[in-house]
Amino acid sequence: MKHRLFSFGISLVMVAMAFASTYNHIEQEKPATSAPAIHKAKATETPESGSRPSYRIDATYHPERDEVTAKMEVTVPNKQREAWREIYFHLYPNVFRKWKYGEESKPSKPGHIQVHQVKVNGQPVKEKLVRDEIMKVPLREPLTQGRTARITMDFTLRLPHGGTRLNTFKQTAFLAQWYPMMAVKDRGGWQVEPYTTVGDPFYSEISDFTVTFHMPKGYRLISTGRNADTTNSVVTVKQDRVRDFVAVLTKDYRKRSAKSGRTDVNLWYLPDMERSVKPLLEAAVQSMDFFGEIYGAYPYDEVDVVLGETGFGIAGMEYPGLITSIPTMATEKGIQPAVSVVAHELAHQWWYGVVGNNQAKEPWLDEGLTTFSEFLFMKEKMKSNEQEFLRRATQKTNEIHQAAGITCVDTLYSYPDMVYGLMVYIRPAAMMFELMDEIGRENVLKIMRTYYEQYQFKTATTQDFIRVANRTAGKDLTPFFHKWLYFGK
């Protein structure tokens, strides 16, 4: 979810509404008796897997009490010179215990996560809540470079109703940021930015996952990994080299599938969404084909598109290997299938999923490049040209900067709701189209391809992007980016 009007991705109509509002005329259970089905994405296996965190989660879903009980083991390598004396984890479900944000996004029933029996290398330790959603796990001895720590814990997740991203709706549970997620330690230290409903305050590093779900009869699993085409009560999914692991447990959703190259594209929908299924599945395949051709191959075997209007911020989010979208949206031609939302969230598989960035500190870097990607797809494949809209929106950002000093490279916490969309999504997209006018379409796409190749499965920064652009273009584009992103002269 982006914020109140950007929760559906970057719907042009929603953006226009935001624009107009600020410019007068113008988002431990018992083991099952049957053996688990194991689904593994072989294309992502790599020999260097021991150099990144590895999660093993065994979870049981109890729909009658909106609860997940689980055991988790995470193996953590230290690749840095500095010895670690503690490791931090995000406990995002705790923000739903005592809601501190807008009333429009307040869950109708609270939720939380409770962690217990934490051990490091088999020895009990006492975890500490630094904030409701941040947990510190102390290490009995410093973790030095080249060594690993094995952290185990049990947790109980109580699912909210109507929660943002994390939610239950009828016979479906949306499990987003649902387990204790290890924080990133980078040059700036442990990154434990606070939660916010404006934008995506999530920053995680590439990890490997093996996740087992025990589900009641009739439920099926949709997830970051390759899905089990079964309603077996126990399913194990293994997925390497992803930033997060999301799951949808459902008895209600139906599926239609197609292919984009070697990638299975699955569209999941509820019965009353039938009219949107064909056009959105076609749009999903077309956008995956388009982004794969202009940027580089999608590295996983499968991607899922889950349609839903099942809670504030559920429909219109990106996760590794899975996106959510609304089925329809309002347009100048009336209610239409939400093609641009699907295209936007699928573009995030490249910008956020494969090439990562700190979404709290530099949100423009994934959202701006994703919005450019979406607009380019809509222009070249759907014949929807929004250049005049981008021009007017750019003028509005100039006025906002002059009045408040806000830029495109501020942190997530610096933006008022309406300004966030214009500065983080729209102006950077306009910037990339302007760059195409200056150096040509193919040169801009060469920059994007090179950036994708150099930073896939890594974390990039604004300066990394500018450095790649300069080298690839063979000229100093720094003044151009300084003007657009920093509002320099």
Taking Lys and Arg as +1 and Asp and Glu as -1, residues besides residue 129 with C-beta under 15 Å from its C-beta add up to +2
To the nearest 0.05, what FRET efficiency results for residue 272 and residue 217 with a Förster distance of 30 Å applied to their C-beta separation? 0.75
Ordered by packing density, taken as the mean number of other Cβ atoms within 10 Å over each peptide's residues, highest first, how do 368-378, 293-303, 81-91, 329-339 rank? 368-378, 293-303, 81-91, 329-339
How much of the accessible area of the range 296-410, probe 1.4 Å, is carbon plus sulfur, in whole percent? 49 percent
Listed pairs 71/126; 71/136; 255/381; 259/381; 98/126; 71/98 exceeding 20 Å between Cα atoms: 255/381; 98/126; 71/98
Restricting to lysines and to Cα separations under 20 Å from residue 475, and discarding same-chain partners fewer than 8 apart, the set is 446, 483, 489
Quote the FRET efficiency, to the nearest 0.05, computed for residue 128 versus residue 467 with a Förster distance R0 of 30 Å and r equal to the Cβ-Cβ distance. 0.15
What is the percent of Cα-Cα separations in the chain that go past 45 Å? 9 percent
Taking K and R as +1 and D and E as -1, what net charge do the other residues with C-beta under 14 Å from the C-beta of residue 390 add up to? 0
Using the per-residue mean of other Cβ atoms lying within 10 Å as a proxy for protection, in what order, highest first, do the peptides 439-452, 467-480 fall? 439-452, 467-480
With a sphere of radius 15 Å drawn around the Cβ of residue 88, what net charge do the other residues whose Cβ falls strictly inside it have (Lys, Arg +1; Asp, Glu -1)? -2
Where a ≥ b ≥ c are root eigenvalues of the Cα gyration tensor, a/c under 1.5 meaning rounded, otherwise prolate if a/b exceeds b/c and oblate otherwise, the range 212-320 counts as oblate
Sorted peptide list for 379-386, 188-195, criterion being average Cβ within 10 angstrom, highest first: 188-195, 379-386
Name the aspartates and glutamates eligible as straight-distance cross-link partners of residue 170: C-alpha to C-alpha under 15 Å, and not fewer than 8 places from it in the same chain. 64, 66, 67, 252, 272, 309
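The values are calculated or read from the model by the stated rules, or taken from the named source; none is laboratory data. What you are looking at is a predicted structure, and each value in this text was computed from that prediction instead of being measured. Ideal geometry is used to build each Cβ from the backbone, glycine not excepted, and the neighbour counts take in all protein chains shown. The area values use the complete protein model at the heavy-atom level, side chains included, leaving out ligands, DNA and RNA. Shrake-Rupley method; radii C 1.70, N 1.55, O 1.52, S 1.80 Å.
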